Amino acid sequence: MEPTIKKKDAIFVKEVAEEELKINDIISFTTRENTNVTHRIIKIVEENGIKKYTTKGDNNNTEDKEKIEYSQIEGKYQFKINQFGVVTKILKSKITLMILVIMIILISCYKGREQKKKLERRKKREKYEEELENKK
């Protein structure tokens, strides 16, 4: 779909009613081979009372061979976040995910210790101030 959607972009799609789909809409769908594809609708025809969508990638010379039915459509393209696909790819790695979880646990422990120290210092200060008042 380049240049509209680049390889590392993350896209967001929304489920829409069949009546809302029109030519030039970008849709994500699942092929009969169970592959997820995002292409533009270039033609809509009705065969035996069923709408079929012909799609084509913006960077492709020819239209897709398989005509898509509404039941195969995941949703209509809404917006993208440039390069966000890199982040999702990194997060899919088990090692990266484990490191991230460990870091979150360590940060939480550190913050907890800091709060505990702060509370202990406050109690000491209050006790000290109370002792000073009692001496007067």
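One residue stands out among those in the stretch 63-103 that are at pLDDT below 95 and among the polar types (S, T, N, Q): the one that is farthest from Met1 (Cα to Cα), which is Thr96. Scanning the stretch 20-50 for residues that are charged (D, E, K, R) and closer than 16 Å to Asp64 by Cα gives Asp25, Arg32, Glu33, Arg40, Lys43. Answer yes or no: is there a residue in the stretch 63-70 that is free of Cβ contacts under 8 Å to residues at least 40 places away in the same chain and among the hydrophobic types (A, V, I, L, M, F, W, C). Checked against the condition, which is being free of Cβ contacts under 8 Å to residues at least 40 places away in the same chain and among the hydrophobic types (A, V, I, L, M, F, W, C), the stretch 63-70 yields no hits at all. Filtered by the rule that a residue be surrounded by 10 or more Cβ atoms within 10 Å (Cβ to Cβ) and either among the basic types (Lys, Arg) or under 34 Å from the mean Cα position of the chain (by Cα) (or both), the stretch 124-136 gives Lys124, Arg125, Lys127. Anything in the stretch 1-31 that is in a strand (DSSP E or B) and either surrounded by 16 or more Cβ atoms within 10 Å (Cβ to Cβ) or at pLDDT below 90 (or both)? List them, or say none. Of everything in the stretch 1-31, those that are in a strand (DSSP E or B) and either surrounded by 16 or more Cβ atoms within 10 Å (Cβ to Cβ) or at pLDDT below 90 (or both) turn out to be Ala10, Ile11, Val13, Ile26, Ile27, Ser28, Phe29.
Within the stretch 32-85, being in contact with a strand residue (DSSP E or B) (Cβ under 9 Å, 6 or more places away or on another chain) and in a loop (DSSP other than H, G, I, E, B) holds for Gly57, Asp58, Asn60, Thr62, Glu63, Asp64, Glu66, Lys67, Asn82, Gln83. Criterion first (hydrophobic (A, V, I, L, M, F, W, C) and either surrounded by 12 or more Cβ atoms within 10 Å (Cβ to Cβ) or part of a loop (DSSP other than H, G, I, E, B) (or both)) does Leu119 satisfy it? Against the criterion (hydrophobic (A, V, I, L, M, F, W, C) and either surrounded by 12 or more Cβ atoms within 10 Å (Cβ to Cβ) or part of a loop (DSSP other than H, G, I, E, B) (or both)), Leu119 does not qualify.
The values are calculated or read from the model by the stated rules, or taken from the named source; none is laboratory data. Every value quoted in this text rests on a predicted model; they were computed, and no experiment measured them. Virtual Cβ from ideal backbone geometry, glycine too; neighbours counted across all protein chains shown.
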